[in-house]
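The values are calculated or read from the model by the stated rules, or taken from the named source; none is laboratory data. Here the structure is a predicted model, which means the values were calculated and not measured. So basically every Cβ, Gly included, is an ideal-geometry build from the backbone, and we count neighbours across all protein chains shown. These area figures cover heavy atoms from the full protein model, side chains too; ligands, DNA and RNA do not enter into them. Shrake-Rupley method; radii C 1.70, N 1.55, O 1.52, S 1.80 Å.
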Amino acid sequence: MSEELYNNEVAFELQPKVIDESRQGEALASAHPKNVKSNGKKFYIESYGCQMNFADSEVVASILNSAGFHATTEFIDADLILINTCAIRENAEQRIRHRLQHFRGVKKRKKGALIGVLGCMAERLKEQFLEQEKIVDIVAGPDAYRALPGLIEEAGSGQKAVNVLLSREETYAEISPVRLNSNGITAFISIMRGCDNMCAFCVVPFTRGRERSRDWKSIVAEAKDLYEQGYREVTLLGQNVDSYRYSDDPTLIGKKLLEAKYHEGVVNFAGLMEKVALVAPDLRVRFSTSHPKDMTDDVLHMMARYPNICKYVHLPVQSGNSRILEMMNRTYDRQWYIQRIEAIKRIVPDAAISTDIISGFCSETEEEHQDTLSMMEYVKYSMAYMFVYSERPGTVAAKKYKDDVPEEVKKRRLQEIVDIHRIHALELNKEDVGKIFEVLIEGVSARNNMELYGRNTQNKVIVFPKGDLKPGTYVNVLVTSCTSGTLIGTVVKD
Ligand code: SAH
Ligand code: SF4
Ligand code: F3S
């Protein structure tokens, strides 16, 4: 596989954020809260996978800070090394195993240093992790982070510590995440956890458990707090944000909650979006991920109603062929997906649409692959995360179907998907040349420190000369040229 494709594969994040791709595997640091007594111990945390995992690491940092630990960006200095892992594809797990090998040396040099594995791979492998990777001391699943201080203590006394219990209630609602290596302008807010869909290829329902929504009041409070600290964009995160549903009434659970009406105090995703949009008119609101089966018109109308709800929808298609979609258990077909795209184009005409695509799912024929390409032609995605199918143990697909598309065919199909996407991205960017966009400035461009970058409402990255402008402010930019990945422009003075 070419380096480029490999990068594309590793760059997956639930919320596509171009500038965040470099965060894969990044060490995160934060200031220590002043009101907590330090225990003199330092932790280092590295995150992989989707934005939910990065957001979870911020919850973990908060829990550890409260227990007296300081964060460090140098694992060499750490008493505790944590890796927040992803299990979505085989190569995601491989990368983590390699990384663990690196930490072997640290453990040898530093007596008493502990290594903990968190997140989805921890949940998938449970105790097996300890047998497979002898250097690991702690294994904690995504719903067990409150137990971490206890697990660390246990491991410190020489026992191996494991907690992989999944919960039906845990949302870490009142834990205020410690923003790690943040740009101070854009932040993620987890609005729900888990997933109740059973897409045949996907390991997430097994690693993150049942779907549950976080109390909207704590979400709005977090957004307000971020705004007061100077943040100007929040992204609401969930595996399927359209099924967000919260009620204070503890008797409203399961089917009852689904059937309850809004006037009975139930807040759905459209309602939540509105509440967050009302925090401040200059706080941008994004969200990810939308599921084609659940994305209703009321969500789209809410997007259209509020200028600060960004005009951008990430709507993973996975395949353009109805037979494959059925085997994938996506619960929609090609026609339904097209009808959702039509709804977006009708209700939010200026919205950009992005997607996730899997090439070479079990039994996919050449013609069925062509349906994916023609779907891409029809939608013209501004951004896409494209993957080769990777069989995951325990999933419906692993149990029921044969992973029978040869590796080289999967890769060739992926290459065709990537090539078409690139043409579309360039075409769409060219259409933006000559247009003026409001851009939220996020920072100094990595390529040229005389330039700033930010994004427009459609989530496109725009680079422009710095002048005396500051990150965290809005500016109008005229697009003068582009590549397939970036718009290039000049500032328009009003
Ligand atoms: N909840 C989101 C996606 C979460 S996983 C949704 O339903 O859209 C992110 C993406 O990883 C998926 O959209 C899919 O394209 C890809 N993916 C998941 N499992 C995979 C597998 N076994 N092989 C290859 N890609 C996979
Ligand atoms: Fe996985 Fe499907 Fe849930 Fe997305 S909706 S996390 S792909 S099971
Ligand atoms: Fe995210 Fe990977 Fe888990 S994509 S939900 S960290 S398996």
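Would you confirm whether any residue within the range 364-374 is in contact with a His (Cβ under 8 Å, 6 or more places away or on another chain) and modelled with pLDDT of 95 or more? No, there is no match, as no residue in the range 364-374 is in contact with a His (Cβ under 8 Å, 6 or more places away or on another chain) and modelled with pLDDT of 95 or more.
May I ask you to verify whether E342 is open to solvent by 20 Å² or more (accessible area, probe 1.4 Å), assigned by TED's automatic domain parsing to the domain that holds R422 and either more than 26 Å from K460 (Cβ to Cβ) or polar (S, T, N, Q) (or both)?
Details: open to solvent by 20 Å² or more (accessible area, probe 1.4 Å): yes; assigned by TED's automatic domain parsing to the domain that holds R422: yes; either more than 26 Å from K460 (Cβ to Cβ) or polar (S, T, N, Q) (or both): no.
Answer is no for this residue.
Note on the range 81-104: residues that are closer than 20 Å to L180 by Cβ and within 11 Å of ligand 3 (Cβ to nearest atom) total 4.
Restricting attention to the range 285-328, which residues are part of a strand (DSSP E or B) and within 14 Å of ligand 2 (Cβ to nearest atom)? Break it down stepwise before answering.
Taking the range 285-328 as the starting set, the residues that turn out to be part of a strand (DSSP E or B) are 285-288, 309, 312-314, 318.
Selection gives S288, H314, Q318.
In the range 187-206, the condition of being at pLDDT 95 or above, of a type in the set (A, V, I, L, M), away from ligand 1 (no atom under 16 Å from the Cβ) and outside the structural domain of K399 (by TED's automatic domain parsing) is met by at least one residue. Taking the range 352-378 as the range and being within 12 Å of ligand 1 (Cβ to nearest atom) and either of a type in the set (A, V, I, L, M, F, W, C) or exposed (fewer than 14 other Cβ atoms within 10 Å of the Cβ) (or both) as the test, the residues that pass are I357, I358, F361, C362. Scanning the range 62-94 for residues that are in contact with a Ser or Thr (Cβ under 9 Å, 6 or more places away or on another chain) and more than 15 Å from Y44 (Cβ to Cβ) turns up S62, G68, C86, A87, I88, R89, E90, N91, A92, E93.
Taken over the range 382-408, residues that are among the β-branched types (V, I, T) and touching a strand residue (DSSP E or B) at 6+ places or on another chain (Cβ under 9 Å) amount to 2. Y474 passes every criterion in (1) in contact (Cβ under 8 Å) with a residue 40 or more places away in the chain; (2) touching a Phe, Trp or Tyr at 6+ places or on another chain (Cβ under 9 Å) apart from (2). Every test in (1) modelled with pLDDT of 95 or more; (2) open to solvent by 60 Å² or more (accessible area, probe 1.4 Å) is passed by K256 save one, and that test is (1). Every condition in (1) more than 16 Å from ligand 2 (Cβ to nearest atom); (2) closer than 22 Å to Y401 by Cβ; (3) surrounded by fewer than 22 Cβ atoms within 10 Å (Cβ to Cβ) holds for P349 except the one numbered (2).
Inside the range 45-153, counting only strands (runs of 3 or more DSSP E) that do not spill past its ends, which hold 1 or more residues that are surrounded by 21 or more Cβ atoms within 10 Å (Cβ to Cβ) and under 19 Å from the mean Cα position of the chain (by Cα)? First the steps, then the outcome.
Details: elements: 80-85, 114-118, 138-140.
Answer list for the range 45-153: 80-85, 114-118.
One residue alone among A280, A223, A270 is touching a strand residue (DSSP E or B) at 6+ places or on another chain (Cβ under 7 Å) and more than 27 Å from E93 (Cβ to Cβ), and that residue is A223.
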